[in-house]
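A short worksheet on the structure shown next.
Bear in mind these aren't lab numbers, they're just calculated from the coordinates by the rules spelled out. For clarity, every value in this text was computed on a predicted model and none was experimentally measured. Every residue, glycine among them, receives a Cβ derived from its backbone with ideal geometry; neighbour counts consider all protein chains shown.
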Amino acid sequence: MSTTNDQPAVTLERIGHTALITLNRPDAMNAVNAAVSIALGNALAELAADKDLRVAVVTGAGRAFCAGADLKALASGQNILDADHPERGFAGFVQHFVDKPIIAAVNGFALGGGTEIVLASDLAVISDQAKLGLPEVKRGLVALAGGLIRLPRQIPLKLALEVALTGDPIDAETALRWGLVNRVVPQEQVVETALALAEKIGTNAPLSVQASKRIIYRAAEYGSEWHDDVWSMNMAEFGPVLRSADAMEGPRAFAEKRAPVWRGE
């Protein structure tokens with residue numbers, strides 16, 4: 001993985017079927033530079049390719065989750081994206097679709113690009129002391145890493161506009177009330193809670209979980225749930241799952257009153 005000051009910019013630890021991915025620039029509040037974009041993008045690619053990994057938890061080292069773009073790097077003219085994979089977007093993450101669930105474990109500061117990483121994650125556990133928000137308008141900028149695209153899809157339009165146009169932060173309880181996050185816990189319990197959620201997901205049939213995630217996101221491509229095309233997509237995604245060994249194992253394990261042994265095939 002890419003390094004910053006001889007330390008890996010991002011680490012990946014395997015815990016059962018979960019990949020614990022940690023942004024590892026604590027002295028810079030895990031701000032995103034090219035090293036982070038390369039390493040985080042590669043970590044997602046590893047997650048996607050490894051059949052033994054079923055879920056990921058993404059968090060930050062130290063007291064911050066992610067402070068967004070590394071402004072010092074930008075000011076010096078550096079490219080903060082992965083030059084070899086610009087299609088992965090900011091942090092190698094926000095345009096990098098992986099059909100395995102990703103949980104953001106927001107242990108601290110997460111404004112701007114940090115919030116956009118949270119919005120690009122499938123689930124989120126957040127510290128009761130953390131704040132989310134898109135402050136770019138306060139700095140003469142625009143939130144270009146997906147925040148303005150994803151926010152109005154995750155909360156009501158008028159709330160999304162208030163967040164985007166005022167640039168004011170959202171506290172953890174408000175984020176929970178609005179449905180932006182799944183859990184609010186004390187800071188020291190954030191990663192533990194996210195890992196427990198990941199383990200719960202990871203006990204399910206991996207092909208079923210991956211197809212379910214793809215269906216949910218792909219459904220947004222269609223204008224109505226009554227459109228024939230969305231139902232065709234639904235069935236097309238289900239077909240390979242139905243024909244899998246795991247689809248036979250699930251009912252058999254239920255009938256035999258035992259835990260299923262998933263093969264992911």
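Taking the fewest neighbouring Cβ atoms within 10 Å as the starting point, the ordered list for ILE80, ILE15, ILE126 is ILE15, ILE80, ILE126. Given R0 = 25 Å, the distance between the Cβ atoms of ASP27 and GLN154 translates into a calculated FRET efficiency of 0.20. Among 52-63, 180-191, 230-241, 214-225, the peptide with the highest mean count of other Cβ atoms within 10 Å heads the list, and the full ranking is 52-63, 180-191, 230-241, 214-225. Fewest-first ordering of LYS200, LYS257 by other beta carbons within 10 Å of each residue's beta carbon gives LYS257, LYS200.
Given +1 at the Cβ of Lys and Arg, -1 at the Cβ of Asp and Glu and no other charges, the dipole of the chain around its Cα centre is 280 debye to the nearest 20. In plain terms, the chain from THR166 to ALA220 could stretch by 16.7 nm, reckoned as 0.36 nm per residue minus the Cα-Cα distance. Centre-to-centre, using Cα atoms only, the stretch 146-215 and the stretch 34-89 are separated by 19 Å.
So which helices of the chain fit the span-like rule, where a helix is a whole DSSP H run, its Cα atoms reach 15 Å or more along the axis, and its mean Kyte-Doolittle is at least -0.5?
34-49, 190-202, 206-218, 228-242, 245-255
Label-to-label distance for GLN78 and ASP99 is 3.6 nm, based on points extended 7 Å past Cα in the beta-carbon direction. Anisotropy class assigned to the stretch 1-122 is prolate, per the alpha carbon gyration tensor with a/c at or over the 1.5 cut-off and a/b larger than b/c. The magnitude of the dipole of the stretch 206-255, with charges of +1 and -1 set on the Cβ of Lys/Arg and Asp/Glu and taken from the Cα centre, is near 220 debye. Residues in the stretch 49-76, backbone N under 11 Å from the label point at ARG263 (7 Å along the Cα-to-beta-carbon vector): list them, ranges by number please. From the stretch 49-76, the list is empty. Divide the volume of the convex hull around the Cα atoms of the stretch 3-202 by the residue count and you get 109 Å³ per residue. The phi torsions of the stretch 88-104, fed into the Karplus equation with coefficients 6.51, -1.76 and 1.60 and a -60° offset, translate into couplings of 7, x, 3, 6, x, 10, 6, 10, 10, 6, 10, 7, 8, x, 10, 10, 7 Hz, rounded to whole numbers, with Gly and Pro shown as x.
This model, with +1 at the C-beta of Lys and Arg and -1 at the C-beta of Asp and Glu, gives the stretch 130-265 a dipole about its Cα centre of some 100 debye.
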